[in-house]
Each structure stands twice: as C-alpha cells, then as structure tokens.
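A short write-up of the structure that comes next.
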Amino acid sequence: MTEKTTKLTNLHPDILKFQNELRDKYVSENKTVKKGQILFVGSSLMEIFPIEKFQQDEDLGLNKVIYNRGVRATTTADLLAHMDTLIFDLEPSKIFINIGSNDIGFNVPKEEYLKNYSQILSLIQEKLPDTKVYLMAYYPINTSTNFGEEKHEHSALYEHRSNALYAAASADVARLAREHEMNFINVNSGLTDEGGNLKSDLTFDGAHMLPAGYKIVLQNMISYLK
C-alpha cells in the first residue's frame, strides 16, 4: 500500500495520535474563526478536500469563508464525540457533511452508524436551528485499477468498501436528510468512468481523490455554497 494511502486509513499505527493533534490544532484555530461562515466536516475525504486553498487561490464568487474540519479515519461515533471542536465552536451558517464511509469500511453495523448520524443531525438542529445542513452522497471509488499496492493490502482496504455499498449507504443518508428536513446532495457528476468507477486519473489509490477530482466536486457544489 502506498505511504500516502496508509496515512489516510485506520491502518497507520499513529492514527489516533494524529487525530488528537489535528483536533487540538482545530481547537486553537477555532478561537479566531469568523462565525457564521461555511463549514466542511467529515473524514479523510473531507480533510484532503483542498477547499481552503481553492478559495485562497481563485475567486469562487462567495461572500463567506469556508473552513475545513475534516479528520482522517473519523467515524460517525468520532464526530459525535467531538462536535464542539468540529462544528459548534464555529457557529456556521452552512454545514456540508461527508461522514460514514469509514463506518462502512470498518464494517460498523449499519444500524449503529445511522443512529450516530441521526444523533449528529439532531444535535445540530438543537444547537444551530438556523444553520443550513447539506448531507453529501458518498464519492465513488475504484477497486479495479492497480495503484501500486500489494494484493493483500488491496483486499484489506476494500473488503467492506464498494460502489454498491456506498450507493446503498447514500440512499440511507438521503432518508436521514428527509427525516431531519435537511438537504441531501449528490455532487459526483463527472467523477466516474464508463464502468461506474472513480476515474483512475482523479485518484492516487482508488479511494481518495487528487485535487483534480475535488475541482470537479467543487464545480458541482458551487451553487450550494453561494
């Protein structure tokens, strides 16, 4: 498995240390954030979304700042345990959530992670009643292309991850959005090849996207950001 992939999964021996250090960094940064802005929150798929760099380098036509509070290898339970740091301290006016793919990959029972996800949404409704919340469909992945990993490592990473599982989970998230009267968005148009897999030139390991992939996602979601 590539070094970069290992650092983005639960297989890295120092992952808990990294998560704690990153959340501590967010605690410090939260002291100076501007309230009422836009928040991205979730797992590594959100953490490596270079949205802050995109906003710094180009004019996105937005009148709000986007803050990214993604944390790699995060599950719904992890987010639930750290909602002050990752959400409430920022008092955002809009929240974009991409969480649960690790629950699926770690084989957490569906009933458990959906219960956690629902509780996350209920707490947001309680503490941030005027905030607009967008639940994101899970990104497609590519399990067929060889990205340089060993066969057993490839099998371990994708034992519980597939486009079919993510599509079913996205449907569950859409249902949660309806139940909580929130927004479900699918911003994956243009990411897949003719076989429905994440295009190989948009990813470095089949599960995590390169900036070029996030450029496509950004264009798909720009209307929701404005």
ask   = How much length is gained on full extension from residue 84 to residue 178, taking 0.36 nm per residue of separation minus their Cα-Cα distance?
value = 31.4 nm
task = Among DSSP beta bridges lying fully in the chain, give the percent that are antiparallel, nearest 5.
result = 10
inquiry  = Please enumerate, by chain and number, the aspartates and glutamates with C-alpha under 17 Å from the C-alpha of residue 35, excluding those fewer than 8 residues away in the same chain.
reply    = 52, 84, 89, 91, 130
inquiry  = Give me the mean projected area, in nm² to one decimal, of the convex hull enclosing the Cα positions of the stretch 47-120.
reply    = 5.5
remark   = For residue 224, the net charge from surrounding residues (Cβ-Cβ under 10 Å; K, R +1; D, E -1) works out to +3
task = Please calculate the 1.4 Å probe accessible area of residue 48, with all protein chains present, and give it to the nearest 10 Å².
result = 40
task = Report the equivalent ellipsoid semi-axes for the stretch 45-177 in whole Å, largest first, defined as the square roots of five times the eigenvalues of the gyration tensor built from alpha carbon atoms.
result = 27, 20, 13
inquiry  = Suppose a student asked you for the relative contact order of the chain, using Cα pairs under 8 Å spaced at least 6 residues apart; what percent would you report?
reply    = 21
task = May I have the extent of the alpha carbons of the chain along their three principal axes, as whole Å values ordered from largest to smallest?
result = 47, 38, 35
inquiry  = Multiplying the sequence separation of residue 167 and residue 35 by 0.36 nm and subtracting their Cα-Cα distance, what value in nm do you get?
reply    = 44.1 nm
key: 20 Å reach of a label modelled at residue 118, 7 Å along Cα-to-Cβ, counting backbone N of the stretch 171-214   = 171-185
query = What is the magnitude of the charge dipole of the stretch 70-222 about its Cα centre, with +1 placed on the Cβ of each Lys and Arg, -1 on the Cβ of each Asp and Glu, and no other charges, expressed in debye to the nearest 20?
reply = 320
inquiry  = What percentages make up the Cα-Cα pair-distance distribution of the stretch 150-226 when the bins are 10 Å wide from 0?
reply    = 16, 39, 35, 9, 1
query = residue 53 versus residue 65, label points 7 Å from Cα toward the beta carbon: distance in nm?
reply = 2.0
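The values are calculated or read from the model by the stated rules, or taken from the named source; none is laboratory data. Please read all numbers here as calculations on a predicted model, not as lab measurements. Neighbour counts are summed over all protein chains in view; Cβ atoms, including those assigned to glycine, are modelled from backbone coordinates with ideal geometry. We work out accessible area using only protein heavy atoms, side chains counted, and drop any ligands, DNA or RNA first. Shrake-Rupley method; radii C 1.70, N 1.55, O 1.52, S 1.80 Å.
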